[in-house]
Amino acid sequence: MAQKTVVRISGVTKDFDLGKIVVKVLKGIDLEIEEGKYLSIMGPSGSGKSTLFNMIGGLDKPTGGKVFIDEVDIAQLDAYELAWLRCRKIGYIFQTFNLIPVMTALENVTLPMTFA
């Protein structure tokens, strides 16, 4: 039995315009994540890991390509629908400044589940 694909990224690119130069951070990323699977994305600082996760979470938009969550193209969602998606489908722990300091790491990770 085939596993359900919960995240699908197709041909995703991301460019940052820095005035006189354009930095191409992601160059045609294709990725599928199946339900119940774990995935680790590793790379050096500045390689685009956070940029990729920001696009999966609907916090940023790709320059090109598509991001699908449960086969829904998130580029077609409005701000309310994106907020619902982040609340119900994605548990997002930010790298810095967004953890609740009086809570343990486990409590910070499980907090989004209390709202789902």
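Bear in mind that the values in this text are calculations on the coordinates, not laboratory data. In this text the structure is predicted, and so the values were computed from the model without any measurement. With ideal geometry, Cβ positions are generated from the backbone for all residues, glycine too; neighbour counts draw on all protein chains shown.
Can you say whether Phe53 is aromatic (Phe, Trp, Tyr), within 28 Å of Thr110 (Cα to Cα) and either touching a residue at least 40 places away in the same chain (Cβ under 8 Å) or assigned to a loop (DSSP other than H, G, I, E, B) (or both), as far as the supplied structure shows? No, not satisfied. None of Lys24, Lys14 is assigned to a strand (DSSP E or B) and either among the acidic types (Asp, Glu) or in contact (Cβ under 8 Å) with a residue 12 or more places away in the chain (or both) except Lys14. When the residues of the stretch 27-46 are filtered to those that are of a type outside the set (D, E, K, R) and touching a residue at least 12 places away in the same chain (Cβ under 8 Å), the one that is surrounded by the most Cβ atoms within 10 Å (Cβ to Cβ) is Ile29. Candidates are the residues of the stretch 56-80 that are more than 19 Å from Lys27 (Cα to Cα) and in contact (Cβ under 8 Å) with a residue 40 or more places away in the chain; the one that is surrounded by the fewest Cβ atoms within 10 Å (Cβ to Cβ) is Glu71.
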